[in-house]
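> The following block contains the structure, expressed as structure tokens.
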Amino acid sequence: MKFFNVLVFVLISGLFRAQSLANYSSTRNTSITYNSIASSGNSFASWRNTTSNTQDDNRSDLTNIGFDFWYNGVRYTQFCVSTNGFLDFSNSTDDGGPQADDFGYNNTAFTAANAANATRPAIAPFYDDLTAQGGTAALGNSLKYLLTGTAPNRTLTVEWINMAVYQNTSPSLNFQVQLVESTGVIIINYGTMTAGTNVFSYSMGMNGPTVSNTPTSAQLKMLQTANSNSFSNTIQNNLSTMPASNSQYVFTPLVPTTASGGLTFSGVTQTGMTLNWTNWASNEVGYVVYNSTDNINFDFVVQSAANATTTAITGLLPSTTYYWKLYAVTEGYLSAAINGTQATLAAGNKTSTATGNWNTAATWSPSGVPTSADNVYIANGHTVSINANAVCNNLTVGQGTSGYLQFTGTARTMTVNNNITVNSNATFLVSTGSNVTHSITVEGNIVNNGTVNFASDANSLVNVSFVRDGNQTLSGSGATNTYNNISMTLGAADHILEISSSSFSAASNFLTLNSGLLKISTTNAVNITPFSAAATISANSGLWLNSSNLTVNTGAGITLYGGITISNGTLNVGNAANEDILSNGGSIVINNGAMNIAGKLDASSINNTLDFNINGGSLTVPSVGSTNTSIAPFHIAGAGSQWNMTGGAIIIPRSGGTGSQNLG
């Protein structure tokens, strides 16, 4: 299935009714019950500033909201949090460090017109130059988040706990931002708010993606007087009176006009259709379309303009029933859905009639070069050469006794919207002497019961990209299953590409992990090196070993934001001293098999976390050596880390350091 959502967030341009922060109403409540998540919440896994003032000026890496949240008419799925009292929805990589610029400690950035000095779009419950208590408390204990409830009524809570200011421990600031699914409501809660001996000059409010030199009410909504319900677009960065403890602000977007009418469909083809509806809403920013192929899991597709009554959807799969939901959305509130169901037309079929070139019409029956709406079959006894960029829906090579498909000549691309099947005694490869690198993009599965060779010689190669926003597989009983590079963009950390074929081989450094989890469940003996140099496993990706006949090696250390799971097999990390696993919010699960780390396992920074679970198997560290004189070979020190050991063995065969430190 092809999905259309963007992993981080989708920015919507001015095609829609001009969204405005002025359309959020505000209510102030007192004497609330403040429910801290200090003990139940999750620590932020990783922080951008790792060099200086990390407890004082820091900004987290992007963290999943857990649902689609609409803020000021824009859909977001991730956010960042700052030690300085704000959360933002920007994809900026700024670390929030000590400079008084964008996302920095100076709260004038909240109202700055110059983007280079601006913090936006953001929600600021208490934007000031804050720090963790004492300037030394771990951020894992100072900022937490928690997702509660069930879809479509979940709430994300983000909390700042016992915050202070640099070199002044007397303040104790405790406050939260809550984001509510479907309604787009934003709640700011204040618990204990003690100024101590410090005089604050904080900002409180919301801003949009742009702010003019003279901000408009659409761009800025700021509290004008502490402990009041007075908000406007006037710049106010100098509030000093503390918010009253156990008080609350609730920002509520406009409620959309009640949904009416239904969805109809026109222009239905094998790969697309047009959705039609009546323009029932009167206050919408736009109309929002989601779809599903199982009527359970719905994914964002597109946002249409305000007052729209139609939208054309392309890139669908033939012969597929799609379930649709249409919502009107205001700045943050989704209406009830209008539902509809429509199947695409059946795919066409193209079968080779003789040996020939892909882009020759006479090669196929019925005559004509295949399109993305066609299922393509390479018949027994035929050799088809991919001599031009190629597309199809499903691709099947061979009919049981032969069949041959090859890349030749100039570098070519092939896009397969669904599955690739290589039948027994059939072959799909790059011809030797091609001396270029071709590429395949596949959104379905690959089944190889014959021969696949995408590295026929050192210079004749094919790179394969798996790009479904969901799960994919690489399976089959073929004896030859050779790959050069595999790239994964599966959309989320829990989307899996499982290699379960009986055989599998790949070039050294074959793996590009953009997103998704590579699960290797091969049945025969496999020895592979996905990373030949120092590698990073990002927060939305991971590696899973799931075969007792599997050995996975890395040529150097790993910086771990995502996850490593060993259910069976052996993972050798590095092959020389001081080639480590360095965790920045990563997770390691060992249920069986073995992990051998050449250097150390380290979550040593006060802000870096590691979730470590061993239920069986073994961890050996350092398998070669660690000469660091201050960090032990097995070291989990980051506040917010988790440790569970119910079985297995941790083996530390040699001490760290140079001998005199006796580390480990």
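The values are calculated or read from the model by the stated rules, or taken from the named source; none is laboratory data. Quick caveat, the model's predicted, so the values are computed rather than measured. Methodologically, a virtual Cβ is constructed for each residue, glycine included, from the backbone with ideal geometry; neighbour enumeration extends over all protein chains shown. Accessible surface is based on the protein model in full, side chains and every heavy atom, while ligands, DNA and RNA are left aside. Shrake-Rupley method; radii C 1.70, N 1.55, O 1.52, S 1.80 Å.
> Of all residues being farther than 14 Å from T341 by Cβ and of a type outside the set (D, E, K, R) in the stretch 290-301, which is most open to solvent (accessible area, probe 1.4 Å)? Just the residue, please.
Filtering the stretch 290-301 for residues that are farther than 14 Å from T341 by Cβ and of a type outside the set (D, E, K, R), the one most open to solvent (accessible area, probe 1.4 Å) comes out as N297.
> While we're on this one: Among the residues of the stretch 345-380 satisfying the criterion of being part of a strand (DSSP E or B), of a type outside the set (G, A, S) and in contact with a Lys or Arg (Cβ under 9 Å, 6 or more places away or on another chain), which is nearest to G272 (Cα to Cα)?
My answer is D374.
> For the stretch 169-193, give me each residue that is surrounded by 21 or more Cβ atoms within 10 Å (Cβ to Cβ) and either touching a Lys or Arg at 6+ places or on another chain (Cβ under 7 Å) or assigned to a loop (DSSP other than H, G, I, E, B) (or both).
Within the stretch 169-193, E181, G184 meet the criteria.
> Looking only at residues in the stretch 40-51 that are in contact with a Lys or Arg (Cβ under 9 Å, 6 or more places away or on another chain), open to solvent by 10 Å² or more (accessible area, probe 1.4 Å) and part of a loop (DSSP other than H, G, I, E, B), which one is nearest to D95 (Cα to Cα)?
In this case the residue turns out to be R48.
> Filter the stretch 381-426 for residues that are part of a strand (DSSP E or B), open to solvent by less than 20 Å² (accessible area, probe 1.4 Å) and over 22 Å from A362 (Cβ atoms) and give the result.
V416, I420, V422
> Any idea which residue in the stretch 320-345 is farthest from V416 (Cα to Cα), counting only those that are among the polar types (S, T, N, Q), surrounded by 15 or more Cβ atoms within 10 Å (Cβ to Cβ) and in contact with a Ser or Thr (Cβ under 8 Å, 6 or more places away or on another chain)?
By that ranking, first place goes to S335.
Per-residue answers, yes or no, for (1) among the β-branched types (V, I, T); (2) closer than 30 Å to L405 by Cβ:
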site	(1), (2)
G286	no, no
S292	no, no
N295	no, no
Y327	no, no
A337	no, no
Q342	no, no
T351	yes, yes
A354	no, yes
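> Further question on the same structure: Can you find a residue in the stretch 636-657 that is of a type in the set (D, E, K, R) and not in a loop (DSSP other than H, G, I, E, B)?
Looking for residues that are of a type in the set (D, E, K, R) and not in a loop (DSSP other than H, G, I, E, B), one finds none in the stretch 636-657, hence no.
> List, please: which pairs have Cβ atoms under 8 Å, are six or more places apart or on different chains, and start with a residue in the stretch 209-227 that is among the hydroxyl-bearing types (S, T, Y) and end with one that is assigned to a loop (DSSP other than H, G, I, E, B) and open to solvent by less than 20 Å² (accessible area, probe 1.4 Å)?
S217/S20
> Let me ask something else about it. Kindly evaluate N584 against the criterion of being in contact with a helix residue (DSSP H, G or I) (Cβ under 9 Å, 6 or more places away or on another chain) and surrounded by 20 or more Cβ atoms within 10 Å (Cβ to Cβ).
no
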